[in-house]
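Report on one structure; see the data block that follows.
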Amino acid sequence: MSKKPIIVFEGIEGSGKSHHITAVSKYLSKKKISHIKIREPGGNSNSEKIRRLILNNKSDFNKNTDLLLYLAARSENINIIKKSYKKKIILIDRFTDSTIAYQHFGMGVDFNLIKTLNNFLLQKIKVDFTFLNLVNKKNLHSRLKKRKSLNRYDKFDMSFYNKVQKGFVKLSNLKKRKYQLVNSNLDIRKNEELVLRRIDQLIK
């Protein structure tokens with residue numbers, strides 16, 4: 001594995017992935033380790049515009065449009081990733097597995113179509129490691145209720161999130177050595193320690 005890996009943080013809404021990527025970024029900054037942190041959808045200014053469109057509560061796209069918008073946002077981020085690839089640690093909040101979990105397992109878009117489009121965009125870029133944050137229905141529901149505002153993807157029914165999370169687990173089983181499962185129903189500080197210990201192992 002590269003000492004400047006691409007590390008992705010995956011999970012459904014309320015799973016704690018954004019907390020952990022922020023904690024890792026702060027940890028690396030404290031150690032003066034060069035890295036970048038981006039999110040999907042989002043990243044550069046164009047990707048953020050697409051993000052606002054996708055997540056807007058007034059948007060009502062069909063599943064294929066949703067897929068293409070997510071991939072358009074990713075396309076805008078590829079140059080950012082290419083510039084830092086193998087030169088800096090790259091932290092990404094959601095990436096290609098999210099597209100498969102949400103658009104294929106959650107919405108039923110053809111798997112091979114998603115795979116082909118992802119391969120076209122990424123070319124030789126490969127994810128080195130993924131933290132998959134898992135959350136139960138009770139905690140998902142309570143965490144979403146605490147949010148000050150909910151975007152379009154925070155408002156799906158529980159059966160959808162269940163399908164997406166099961167999809168993530170299926171993907172993790174295909175690449176076990178490159179995945180760390182994080183039980184986000186446990187104490188967040190203990191999980192933070194677990195994640196940071198693994199980060200140390202990945203970058204040494």
Rounded to the nearest 500, the 222 nm mean residue ellipticity computed for the chain from DSSP H runs (n ≥ 4, each -39500 (n - 2.57)) alone is -16500 deg cm²/dmol
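Determine, for 83, 37, 204, the number of other Cβ atoms within 10 Å of each Cβ, and report the residues in order from fewest to most. Intermediate results must be reported in sequence, preceding the final value.
On the way: 83 11, 37 19, 204 6.
So the ranking, lowest neighbour count to highest, is 204, 83, 37.
So what is the diffusion coefficient of the range 93-204 in µm² per second by Stokes-Einstein at 4 °C and 1.567 mPa s, using a Kirkwood Rh over Cα pairs? Before the final figure, lay out the partial values.
Details: Rh = 15.7 Å.
Reported coefficient: 83 µm²/s.
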With +1 on the Cβ of every Lys and Arg and -1 on the Cβ of every Asp and Glu, the dipole magnitude of the range 6-203 about its Cα centre, in debye rounded to the nearest 20, is 580 debye
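With a 10 Å Cβ neighbour count serving as the proxy for reagent exposure, in which order, fewest first, do 157, 93 appear? Before the final figure, lay out the partial values.
Values: 157 7, 93 21.
Ordered by Cβ neighbours within 10 Å, fewest first: 157, 93.
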One finds the C-alpha centres of the range 33-61 and the range 105-120 to be spaced, in Å, by 19 Å
The range 1-29 and the range 169-204 have their Cα centres apart by a whole-number Å value of 10 Å
In the range 6-203, taking the dipole from +1 charges on Lys and Arg beta carbons and -1 charges on Asp and Glu beta carbons about the Cα centre, the listed residue (12, 149, 127) farthest towards the positive end is 127
Cross-link reach from residue 49 to aspartates and glutamates, straight Cα distance under 15 Å and at least 8 residues apart if same chain, gives 40, 66, 76
Extension length gain for residue 173 and residue 154 (0.36 nm per residue less Cα distance), in nm, is 4.2 nm
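Starting with the highest mean, order 118-126, 94-102 by the number of other Cβ atoms within 10 Å, averaged over the residues of each peptide. Show your work: numbers first, answer last.
Numbers: 118-126: 12.1, 94-102: 23.2.
For the peptides 118-126, 94-102, the packing ranking is 94-102, 118-126.
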To the nearest 20 debye, the range 97-204 has a Cα-centred charge dipole, built from +1 on Lys and Arg Cβ and -1 on Asp and Glu Cβ, of 200 debye
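Quick check: residue separation of residue 82 and residue 45 times 0.36 nm, minus the Cα distance between them. What number comes out in nm?
11.6 nm
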Taking 60, 154 and counting other beta carbon atoms within 10 angstrom, the fewest-first order is 60, 154
Across 80, 50, 12, the residue with the highest GNM fluctuation in the chain (Cα network, 10 Å cutoff) is 80
Here the chain gives, from Cα atoms, an Rg and Dmax in Å of 16.2, 46
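Read-outs: derived from the displayed coordinates by stated rules, not from any lab. What you see is a predicted model, and the numbers here were worked out from it, not measured in a lab. Backbone-built Cβ (ideal geometry, glycine too); neighbour counts: all protein chains shown.
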